[in-house]
Ligand code: ACO
């Protein structure tokens, strides 16, 4: 049994905010942001563009790309750190928005690694026979948890959603999810976190980050996670067609591409236009590269992400 990736969809908020627009409000500059991060602009959600709304739109597009109907979906797994409510889960709200009434739906909280975690859980559940037609969605509205006075964090993030439609294949299929590799180390919970949770008073509810520490961990841990994925499958760097990394920062992405001996045109990069959309960044990047024809059926695609927790992981997929 293999988990096939049948369709990918994306949604980005209508409003685009440039670095210059931020520089008019806080003490920063287009040059600083571009040089340190590669980011030129980000999409920022309007009031109607909730995690549920954007996730449902991305899911509809993934279903359309797969030629599948919502009525076939028997599980919805959503990765988000910015749900609309404490509960019901955003996945359940999206289920309702899609008019799906069968199956099950739940959220996963793994910060920027959320999509890789959700993909891994979906793959495991499909292989175990618990579901056959699954939507995995990353949807984030970080603009609502940023301290817009903190120039060290507010320039880095954007909003958006991406989704994949997964389907259980029959025997003998060589395409699909090949393996996933998840890690966490809670000792580093204090270098990247949201200060507080629903109902807690006296907390800012804002994202807090020690950027240098996150950077230090990112390259080493991501390198180990991609090596693990290749070694587990007796593959070498030369077998990879595409790297679709979490889009936090151009410098981290470039370092990973170099480490894997990939040409720059084998690394999907959206951070310049999307900024860091946390759990949405990988499916957003994947959707773009599939839709514009760069990633083709049969290509071997490596995903990797690191985020608050710390959590990190990788996944290998043959499309
Ligand atoms: N504009 C202008 N100056 C700024 C800004 C800004 N937006 N933000 C910080 N600075 C200043 C600081 O105040 C500091 O000034 P000082 O030297 O006078 O004290 C100076 O720039 C350097 O600050 P650092 O934080 O040390 O800058 P650094 O070179 O580390 O770059 C950055 C910061 C871009 C956040 C970097 O640490 C990084 O990329 N870290 C990775 C973190 C990341 O990607 N996080 C995303 C979430 S986690 C994830 O998705 C993997």
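Figures for the structure shown
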{"quantity": "Taking 121, 134 and counting other C-beta atoms within 10 Å, the order from fewest to most", "calculated": "121, 134"}
{"quantity": "Cα centroid of region 48-80 to Cα centroid of region 3-20, whole Å", "calculated": "13 Å"}
{"quantity": "Percent antiparallel among DSSP beta bridges (both partners in region 72-201, rounded to 5)", "calculated": "45 percent"}
{"quantity": "Relative counts (whole %) of C-alpha pair distances in the chain, using bins that are 20 Å wide", "calculated": "36, 59, 5"}
{"quantity": "Over the chain, relative contact order from alpha-carbon pairs under 8 Å, at least 6 apart, %", "calculated": "26 percent"}
{"quantity": "Ranked packing of 43-51, 292-300, most packed first, by mean Cβ within 10 Å", "calculated": "43-51, 292-300"}
{"quantity": "For 80, 52, 37, order by how many other beta-carbon atoms lie within 10 Å, fewest first", "calculated": "37, 52, 80"}
{"quantity": "Antiparallel %, DSSP beta bridges [both residues in the chain], to 5", "calculated": "70 percent"}
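Since every read-out is calculated from the coordinates, none of them should be taken as a lab result. Here the structure is a predicted model, which is why all the values come from computation and not from measurement. Positions of Cβ are generated from backbone atoms using ideal geometry, with glycine treated the same way; all protein chains shown enter the neighbour counts.
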